[in-house]
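Q: Provided herewith is a single structure, encoded as structure tokens, for subsequent inquiry.
The values are calculated or read from the model by the stated rules, or taken from the named source; none is laboratory data. Computed from a predicted structure; not experimentally measured. Cβ atoms come from the backbone with ideal geometry, glycine included; neighbour counts cover every protein chain shown. Remember, those area values only see protein heavy atoms, side chains included, never the ligands or the DNA or RNA. Shrake-Rupley method; radii C 1.70, N 1.55, O 1.52, S 1.80 Å.
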Amino acid sequence: QIFNQHNAEAPNLEQALHRMAQMEPNLDHDVSWFLLPSYWAKMVVALISFLCFANSYDGDFVFDDSEAIINNKDLRAETPLGDLWYHDFWGSKLSSNTSHKSYRPLTVLTFRINYLFAGGFYPVGFHVINIILHCTISVLMLDVFSILLGGLQFSNKGRRLNLAPKSSLLAALLFAVHPVHTECVAGIVGRADLLCALFFLLSFLGYCKAFRENKEGYTFSVFWVLVSVILGAIAMLCKEQGITILGLNAVFDALVINKINLLELIRKLLYKHKSLENAGLLRKGLLFRITLLMCGGASILYIRWRIMGTGPPAFTEVDNPASFADSLFVRAINYNYYYSLNAWLLLCPWWLCFDWSMGCIPLIKSVSDWRIIALAALWFCLIGLICQALCSEDSHKRRILTLGLGFLIIPFLPASNLFFRVGFVVAERVIYLPSIGYCILFTYGFSLLSKQAKKKKILAVAVLGILLINVMRCAFRSSQWRSEEQLFRSALSVCPLNAKVHYNVGKNLADKGNQSAAIKYYREAVRLNPKYVHAMNNLGNILKERNELHEAEELLSLAVQIQPDFAAAWMNLGIVQNSLRRFEEAEQSYWTAIKHRKKYPDCYYNLGRLYADLNRHIDALNAWRNATVLKPEHSLAWNNMIILLDNTGNLAQAEAVGREALELIPNDHSLMFSLANVLGKSQKYKESEALFLKAIKANPNAASYHGNLAVLYHRWGNLDLAKKHYEVSLKLDPMAPGTKENYNLLRRKLEQLQKKGG
């Protein structure tokens with residue numbers, strides 16, 4: 001086996017297993033659990049992990065999916081593939097001051113492939129890939145846990161042995177059904193965590209593959225060590241946490257391959273002992289392998305730093321309030337409280353929320369706050385585990401506890417606020433990888449209880465009950481992630497103080513047309529966070545549409561006062577001021593919005609409307625032209641240009657603009673209608689008729705389309721067709737302006753013709 005320096009002769013598999021079982025305690029000996037053949041164990045884990053999240057397959061795009069997928073131009077074919085390497089996860093340039101610096105080009109590439117194969121934004125394909133990824137990762141966990149819990153041992157034929165089949169099956173099931181994973185699997189943006197985890201595990205297994213034994217002792221493959229580093233780099237290109245696998249590989253090498261006693265090593269380092277080589281630092285190429293890992297990790301981080309730029313990501317106080325606290329004590333206390341909440345989510349994943357920011361977790365500002373108990377409990381448990389991991393005389397116990405703590409803590413470090421500020425308070429997705437450590441510690445604790453318990457079957461039934469509850473919890477939580485309405489409402493009971501939760505519920509209601517209910521939630525969001533400018537902006541918009549202009553102006557003015565570069569709020573303030581006929585202020589607000597957002601077609605469109613109201617026709621046309629340059633598919637701007645030119649008698653120019661617009665947006669029926677009106681006035685009846693009929697085919701229930709076509713026929717002398725379309729128009733809209741009068745004129749004319757004919 002791998003820890004012997006020499007083998008006398010090649011033993012058979014049974015002898016090898018027997019000898020290894022004698023050398024150190026076997027975790028499976030104490031675990032009262034099912035023993036399944038490897039193939040069946042993988043089938044069971046795959047099936048159960050699939051059942052947990054299968055009902056999310058036909059869910060919608062929810063929450064962050066909109067920004068990362070629907071609004072992300074990097075998914076579209078017209079964006080060069082090379083741009084993915086210079087953009088962040090959300091499609092913004094990494095060099096931008098507003099970028100969050102989340103560099104995950106390989107994840108975005110998989111979204112792009114999903115989009116291309118689906119032929120558009122159809123969420124089913126995205127969800128199915130996420131479910132498949134989680135099932136694959138859960139199956140890989142069987143191999144990973146068999147190594148972490150049973151050690152890295154080989155048969156005489158060089159095949160790796162699973163010395164902990166029962167324990168690894170239990171740990172893999174615990175991982176597969178953990179409800180905290182729902183966000184990663186049911187939320188499409190969780191793809192980043194899933195892909196990162198996949199290559200993270202492959203890197204670990206690749207590192208294990210580097211080790212082989214022969215008749216002379218141990219050898220290792222530099223090739224597989226380098227493959228492990230490359231897979232770690234790929235994991236990091238899926239999500240930043242992936243880089244931590246290199247540190248875990250080094251820990252595994254020291255503890256499992258070289259069997260270093262950390263406490264003994266620390267003592268020898270402190271006392272500058274001369275026998276450091278005996279402590280394992282230089283044996284079996286450990287120092288060389290760690291050097292490879294360190295050089296690989298440093299190179300990856302340097303390249304990442306160069307691509308990202310030297311500036312840190314920009315976050316606001318509402319994203320992570322503790323990181324903005326002036327007092328070091330307050331920051332430290334709250335960071336540790338966040339760690340305890342993450343630990344609690346692993347232990348008891350009952351209260352789950354899509355977002356934990358914006359007042360969901362109030363800051364601890366004093367030691368008299370009862371929540372300090374959570375910190376004490378966390379560190380009491382951690383210190384106890386660390387002491388056992390370092391000081392236990394049982395090498396098997398030391399190894400498992402150290403590996404468990406390593407996999408629990410090291411992948412969490414990028415989210416810990418220790419090295420840089422992160423843009424969240426608590427995020428369930430970031431404990432996808434640390435849950436590996438939790439599963440190791442849980443399984444080891446179960447083995448200790450099984451060893452002491454007289455009725456082991458009762459303990460096994462209790463664990464089965466936990467697994468079953470977790471499966472049901474996963475299925476229920478997955479159903480909540482199927483739609484934004486369910487997801488947002490589920491958070492109200494978990495984080496009632498979270499302004500963002502109320503904001504998202506309100507936004508969802510507003511999108512569905514329920515403005516009265518939306519106002520209630522927007523007001524609550526502003527009450528909970530008086531500086532929540534996005535809630536103020538949306539609330540101001542609804543009040544503007546309800547003609548409650550003065551309150552809308554107050555809210556939008558406050559929003560731009562709090563955040564002077566909030567371009568959308570400046571534009572909406574301009575719209576309100578225009579409605580209040582304060583034109584100079586409105587113009588100033590529009591230009592301020594454009595100052596803060598250079599490419600703002602909607603603002604140019606509204607500025608054009610203001611100029612049109614002021615009869616500044618040239619300025620209006622220029623503003624609308626700017627809107628169409630920035631956004632060629634801006635139908636409203638094109639339409640307004642055609643209508644203004646038509647109304648001012650510039651029929652030739654109106655026709656030219658209309659034809660230009662239809663070349664860019666050939667299926668827009670409103671443009672067909674506007675151009676048809678111009679052509680009718682220019683007496684190009686045949687072409688006008690064709691466009692009217694095409695517009696009606698696209699939108700048959702538009703009364704004005706039928707009414708204006710009837711006017712065309714009336715002018716053209718096709719009176720029967722004119723009568724038909726007047727009647728259709730009046731049927732669709734009996735109050736259509738001018739149509740009834742024109743229809744009556746036509747009827748009188750027809751009556752006169754009949755009399756003459758009679």
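Q: If packing is taken as the mean number of other Cβ atoms within 10 Å per residue, what is the order of 547-556, 230-239, highest first?
A: Top of the packing list down: 230-239, 547-556.
Q: Would you kindly state how much longer the chain becomes between TRP591 and ILE132 on full extension, computed as 0.36 nm times their sequence separation minus their alpha carbon distance, in nm to one decimal?
A: Stretched fully, the TRP591-ILE132 segment lengthens by 160.3 nm.
Q: To the nearest 10 degrees, how steep is helix 456-480 against the longest Cα principal axis of the chain, on a 0 to 90 scale?
A: 20
Q: Using 7 Å Cα-to-Cβ label points, what is the ARG659/GLN486 separation (nm, one decimal)?
A: Placing both labels 7 Å along Cα→Cβ, they lie 5.4 nm apart.
Q: Also: Take each of the peptides 95-102, 357-364, average the number of other beta-carbon atoms within 10 Å over its residues, and list them starting from the highest.
A: 357-364, 95-102
Q: Then there's this: Please work out how much length the chain gains when fully extended from SER368 to SER516, using 0.36 nm per residue of separation minus the C-alpha to C-alpha distance, in nm with one decimal.
A: 49.1 nm
Q: Pairs LYS166/LYS455; LYS686/LYS756; LYS723/LYS756: which are spaced more than 25 Å apart, C-alpha to C-alpha?
A: Listed pairs above 25 Å: LYS686/LYS756.
Q: While we're here: With +1 assigned to the C-beta of every Lys and Arg and -1 to the C-beta of every Asp and Glu, and no other charges, what is the dipole magnitude of the chain about the Cα centre in debye, to the nearest 20?
A: 1000
Q: How would segment 545-611 be classified by its alpha-carbon gyration tensor: rounded, prolate or oblate, with rounded meaning a/c under 1.5 and the a/b versus b/c comparison settling the rest?
A: oblate
Q: Between the helical axis of 703-716 and the dominant principal axis of the chain, each derived from Cα atoms, what acute angle in degrees is found, rounded to the nearest 10?
A: Roughly 40 degrees between the two axes.
Q: What number, in percent, do you get for the relative contact order of the chain if the mean sequence gap of Cα pairs under 8 Å and at least 6 apart is divided by its residue count?
A: The normalised contact order for the chain reaches 11 percent.
Q: I'd like the orientation of helix 484-494 relative to the chain: the angle between its Cα long axis and the longest Cα principal axis, in ° from 0 to 90, rounded to 10.
A: With both axes taken from Cα atoms, the answer is about 50 degrees.
Q: Answer rounded, prolate or oblate for segment 321-467, using the Cα gyration tensor with square roots of eigenvalues a ≥ b ≥ c: rounded when a/c is under 1.5, else prolate when a/b is larger than b/c, else oblate.
A: Note, shape of segment 321-467 comes out prolate.
Q: Once the piece of chain linking LYS756 and ILE386 is laid out straight, how much longer is it, given 0.36 nm per residue of separation minus the C-alpha distance between them?
A: That pair, LYS756 and ILE386, stretches by 122.3 nm at full extension.
Q: Quick one: pull the percent of accessible area on the chain belonging to carbon and sulfur, 1.4 Å probe, ligands and nucleic acids left out.
A: Percent of accessible area from carbon and sulfur atoms in the chain: 60.
Q: Here is the link list: LYS512/LYS697; LYS500/LYS544; LYS397/LYS456; LYS697/LYS749; LYS239/LYS595. Which ones come out longer than 24 Å on Cα distance?
A: Over 24 Å Cα-Cα: LYS512/LYS697; LYS697/LYS749; LYS239/LYS595.
Q: Tell me, what is the percent relative contact order of segment 321-467, built from C-alpha pairs under 8 Å that lie six or more residues apart?
A: 25
Q: Just want to confirm a number: the relative contact order over segment 572-670, from Cα pairs under 8 angstrom separated by 6+ residues, in percent.
A: Worked out over segment 572-670, it gives 17 percent.
Q: Another question about this same structure. On average, how much accessible surface per residue is there in the chain, in Å², for a 1.4 Å probe, leaving out ligands, DNA and RNA?
A: 47
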